[in-house]
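One structure below.
The values are calculated or read from the model by the stated rules, or taken from the named source; none is laboratory data. Fair warning: this is a prediction, and the values are worked out from it, not measured in the lab. Every residue, glycine as well, gets a Cβ built from its backbone with ideal geometry; the counts of neighbours run over all protein chains shown. These area figures cover heavy atoms from the full protein model, side chains too; ligands, DNA and RNA do not enter into them. Shrake-Rupley method; radii C 1.70, N 1.55, O 1.52, S 1.80 Å.
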Amino acid sequence: MIYLTLLLFTFTSWELPAPIDKEPVPSAFFKDRLHAYIWLNWSVVPISRIADTIGAKEEDILAIGTRMGLPKPYPVTEEEMERLHCTIIRRNWHLLPYEQIIKLLKWNTQQLAYTLREDDFLFIKLGNFKPQCSPLTFQEPDEETIEYEKQIGNMVNNLFPRGIQCWGEKPFHFIKELSDINNNHKVEVSNKEIPRYCSSYFLKYGDPFANLEESYPKGYIQKLRANGVNGVWLQSVLYLLTPFPWDMEISKGWEQRLENLRKFSEDLKKEGMKVYLYLNEPRAMPNSFYEKFPELKGVNEGEFSALCTSHPDVQDYIKNAIKMICEKVPDLGGFFTISASENLTNCWSHHHGENCPRCSKRNPSEVIAEVHQLIQSGIELANSSCRLIAWDWGWKEEWVEGIISNLPPKTAIMSVSEWDIPIIRGGINSAIGEYSLTEPGPGPRALRHWEIAQKYSHPIFAKLQIGTTWELGSVPYIPVLENVATHAVNLREKHLDGCMLGWTLGGYPSPNMQVFNLLMDHPEYNIDIALSQTAEKRFGKELAPIMVKVWKQITQAFKEYPFHIIVVYQSPVHVGPSNPLWVNPTGYIATMTGFPYDDVKNWCGVFPPEIFANQMEKVSRGFMNSLAMLKTEIGNNNIDNPMYKKNFEQECRVIEVCAIHYESTANQARFVLLRNELTNSNVSDERKKQIIENLKQIIQREKELAIREYNLQIVDSRFGFEATNHYFFVPLDLVLKSLNCEELLNNWIPQISR
Ligand SMILES: [Zn+2]
C-alpha cells in the first residue's frame with residue numbers, strides 16, 4: 001500500500017470517528033496523565049496553550065515542568081505547530097479527548113476530522129480508532145506529588161549533568177539550510193538527461209499549490225539540481241486545478257492554483273528542472289452528487305461512487321481538464337498516474353468494475369487504458385510536449401498486456417524496479433515488495449512489464465527509492481551507496497526513458513542521489529569511479545577513499561536487513577529508542593508508521609522474532625563498525641576545509657543514527673520476548689535469573705542509545721523528521737526514554753529479582 005492525501009474536499013461535512021470503549025495505553029513512566037501531558041507537549045506547544053487546554057494557569061505548568069527538570073520552554077511558533085501537527089496529534093492520542101486535542105491545536109472539529117481522514121491516512125496510522133480518554137483537568141499538586149516531580153527532576157540531573165534542551169538546533173532548521181540560495185549556482189542541462197524526479201523532503205500537506213515555495217524553495221531546488229535531479233513531483237486533483245463542470249463551487253480557487261503552478265514551472269525551468277503531476281483520477285464523488293447526475297454514476301463504495309469513465313461526459317471532462325492544464329502551464333514536465341489503486345477513480349480502479357452497468361460489460365484493461373488515452377489526447381490537443389507516465393501499481397498481472405497494448409504509443413510504462421526480488425535473510429525466505437534499498441533492482445516484475453512495454457514500443461520508467469525508504473524513514477537518507485550505484489548500473493543496461501526517484505520520502509539532496517545520477521549520465525563510469533567522485537565532491541580527495549570503503553561496508557551490512565512489508569511499516573525502526581519499554585503488555589496492535597507499542601509479533605512479518613532481532617543487530621553492527629573504522633582512520637587529523645568537515649560530521653551522524661535505530665529495534669524485540677517469558681509460570685529459577693540479567697543489559701543499552709540519539713538530534717534537526725509523519729520523535733522523548741530505563745533498572749529489576 002502506498003498512501004497519500006486527497007487535499008481539500010469541500011463536499012462533506014466531516015465528522016470525527018466516535019471513540020471506542022478501549023482504555024488508552026498507560027504511560028510507561030509517569031504515574032498519571034497530567035505529568036505525561038506536560039512532558040510530551042513541553043517542546044511542541046506553547047506553555048500558555050498547554051495550560052489553557054486543561055484549565056491551568058501558565059505558572060502552574062511552568063512550576064511542574066521546572067520541578068520535573070524540563071528545560072526553558074521553547075517558543076513554538078504557529079508555523080512550526082502547523083508543520084508539527086501530526087507529531088502533536090500522535091502524542092496526545094492516548095492522553096486527551098478530541099475536544100482537548102482541538103483546543104491544544106486551536107483548530108475546529110472539521111479541521112481535525114478532515115486531517116485524520118485525509119492527511120496521509122493519519123487515522124489509520126493512529127490505529128483506526130480513538131481510545132476513550134476522559135477530559136484532563138488540572139489538579140493542584142499536593143506535597144506528595146511535588147516530591148514525585150522533584151524526584152523526576154533529580155533523575156534528569158543525574159542522567160544529563162550538563163542539562164537538557166527542548167530542541168538544540170531549532171526544529172526544521174534543515175529547511176532553512178536547504179533553502180539557502182547559492183548565487184554562483186550554474187545550471188547545466190545535458191540533452192541526454194532522462195527525467196529523474198523526486199518529492200520534497202519537507203512537503204507541506206494540505207494545499208501545496210497555495211504556496212509552492214514552502215515545499216520547493218529555490219535554494220532546495222538548486223541543491224537537488226546539483227545532485228543531478230531534474231524534476232519534482234506533486235500530487236494534484238483535477239477539480240482543484242480546473243473548473244469542475246458539474247459543480248464549479250468545489251473548484252474554488254483553481255485559477256490561482258493553476259497560475260501558481262505555471263509560475264513555479266517557469267521558475268523551475270530556469271534551474272533546469274521540471275514539474276510532474278501525480279494523477280489519481282477522476283476522483284469519486286459523494287452519493288448526493290448523483291441525485292442530480294444519475295447518469296454519471298459508476299461503482300459505489302460506501303458514501304462515494306465513481307465518476308464512470310465509460311460515460312462520454314466524464315471522458316470529455318478528463319480530456320478538457322488535461323488540455324487546460326497543459327495550455328496554461330506550458331513548462332509542465334508531465335503526468336504520472338495510478339489507475340488501479342489508492343482512491344476510488346475509474347470503475348475498475350478497486351478491481352470491482354462488475355458493479356457498474358457500463359464498465360461491467362467492458363474489459364478492465366480497456367477501461368484503464370482508456371483513461372490514459374483521454375489524458376494523452378488532452379496533452380496532444382494542447383500541443384504540449386509533456387509526458388504521460390502510466391504507473392502499473394495495482395494492475396492485475398492478467399490485465400498488464402491488455403492495458404499496455406491499448407495505450408497510446410507515447411505513453412510511458414512505469415514499474416517499481418525492486419519489486420519481487422527474492423531474498424533469504426537469517427535463513428528465512430522473503431521477497432522485496434517496494435520501498436527497498438537492501439537489494440539493488442530491477443526485479444522480475446519490472447523486467448516483465450518493461451519487456452511487454454518495449455514490445456509495443458512504449459517508453460519505460462523505473463520507480464525507485466534512492467535516498468531512503470520505509471526501511472528507516474526518520475533519517476534523511478540511508479548511505480548504502482553501493483546498492484544505489486549497482487542499481488543504476490543495472491538500469492543503465494535497460495535503456496530507461498526516465499526514473500521516479502522516490503515516493504514522499506527520500507527527497508533529501510543526498511550522496512545517494514548524486515551517485516545514481518552520475519552513473520545514469522555517464523555510461524563510461526563504473527561504480528568505483530562514481531563512488532569516488534561523489535565522495536570527493538563532499539569530503540575532498542583525501543577523505544574520499546575511506547568514505548567509499550565505509551559506504552561499501554555499510555552496504556554489505558544492509559544486506560542483512562530482514563525485509564518484509566510488515567517490518568518496514570510496523571516495527572519500531574522509525575521511532576528507534578524513543579519507543580518506551582512497558583513492563584506490562586499494552587495489548588495494543590502495532591500501527592502503520594504510527595505506534596509500534598510492544599507488539600513484537602506484529603513487527604516481524606515472516607521472520608521469527610529472534611531471527612528478526614538478530615538480523616537487525618547484524619545491520620546495526622555493520623554500521624557501528626564502519627563508523628568506528630572511519631573515526632580511527634581520521635584519528636586526530638584535522639579536516640581543514642570547513643565544508644568537508646561539516647559534511648563529514650553530518651555523514652557520521654547519519655551512520656550513527658541508522659546504527660542506533662537498528663540496534664534499538666533488536667533490543668526492543670528481545671525485551672518484549674524476555675518480559676513475556678518471565679510471566680510464564682514454568683520458567684525455571686535458573687532461566688529466570690538469566691532472563692533478568694539479559695533484561696538488565698538490554699535496558700541499560702536502551703538507556704545509552706536514547707541518550708546518544710538525544711545528543712545527535714539536538715545538533716541535527718533532520719533526525720526524526722519525515723514529510724508525512726512530521727517528527728516521529730523529539731529530543732525530550734529521548735530524555736523520557738532514558739528516565740523510563742533508569743526507573744526500570746532502579747525499581748523493576750530489583751522487584752522481579754526478588
Ligand atoms: Zn463505469
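So here's what we get for this one:
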quantity	calculated
The stretch 264-385 - accessible surface per residue (Å², probe 1.4 Å)	36 Å²
Rounded percent of accessible protein surface that carbon and sulfur make up, the stretch 123-273, 1.4 Å probe	47 percent
Spatial separation of Cα centroids for the stretch 420-469 and the stretch 676-754, in angstrom	36 Å
Solvent exposure ordering (accessible area, 1.4 Å, most first) of Met500, Met248	Met248, Met500
Largest to smallest principal axis extent of the C-alpha atoms in the chain, angstrom	77, 64, 57
When the stretch 534-623 is reduced to its Cα atoms, the Kirkwood hydrodynamic radius in Å	14.9 Å
3J(HN,Hα) from dihedral phi, the stretch 716-726, Karplus parametrisation 6.51/-1.76/1.60, rounded to Hz, x for glycine, proline	9, 6, 6, 6, x, 8, 8, 4, 8, 10, 6
Cα point-scatterer Debye curve for the stretch 75-181, base-10 log of I(q)/I(0) at q = 0.10, 0.15, 0.17, 0.22 Å⁻¹	-0.46, -0.92, -1.05, -1.16
Of Thr593, Gln465, Pro609, farthest towards positive along the dipole that unit charges on Lys, Arg, Asp, Glu beta carbons give the chain	Gln465
Solvent-accessible surface ranking, highest first, for His372, His311 at 1.4 angstrom	His311, His372
Local electrostatic count at Leu736 - Lys and Arg +1, Asp and Glu -1, tallied over other residues with Cβ under 13 Å	-2
Ellipsoid semi-axes in whole angstrom, largest first, where each is sqrt(5λ) of the Cα gyration tensor of the stretch 275-338	26, 13, 9
Hydrodynamic radius of the stretch 401-472 per Kirkwood, over alpha carbon pairs, in Å	13.2 Å
Whole-angstrom Cα spans of the stretch 118-202 along principal axes, big to small	74, 41, 20
Stokes-Einstein diffusion coefficient of the stretch 32-114, Kirkwood radius over Cα pairs, 10 °C, 1.306 mPa s, in µm²/s	123 µm²/s
Along principal axes, Cα extents of the stretch 131-272, largest first, whole Å	71, 48, 23
Rg(Cα) / (2.2 N^0.38 Å) computed for the stretch 424-527, rounded to two decimals	1.09
Sequence ranges 315-321, 707-713, 138-144, 150-156, ranked by mean other-Cβ count within 10 angstrom, highest first	707-713, 315-321, 150-156, 138-144
Charge context of Ala306, other residues only, Cβ under 10 angstrom, K/R +1, D/E -1	+1
Accessible solvent surface per residue of the stretch 585-694, calculated while the other protein chains remain in place, 1.4 angstrom probe, Å²	45 Å²
Kirkwood Rh in Å, taken over all unlike Cα pairs in the stretch 561-671	15.2 Å
For the stretch 82-197, accessible area per residue (1.4 Å probe, heavy atoms of protein chains only), Å²	51 Å²
Carbon + sulfur, % of accessible area of the stretch 398-472 - ligands and nucleic acids excluded, 1.4 Å	53 percent
Rg/Rh ratio calculated on Cα atoms of the stretch 609-754 (Kirkwood radius)	1.06
For the chain, cysteines whose Cβ has no other cysteine Cβ within reach (under 4.7 Å)	Cys86, Cys133, Cys166, Cys198, Cys308, Cys326, Cys386, Cys499, Cys604, Cys652, Cys658, Cys741
Ellipticity estimate at 222 nm from DSSP helix runs (n ≥ 4, -39,500 (n - 2.57)) divided over the chain, nearest 500	-14500 deg cm²/dmol
Rg/Rh for the stretch 375-422, where both radii come from Cα atoms and Rh is the Kirkwood radius	1.06
Within the chain, percent of DSSP bridges classed antiparallel, to nearest 5	30 percent
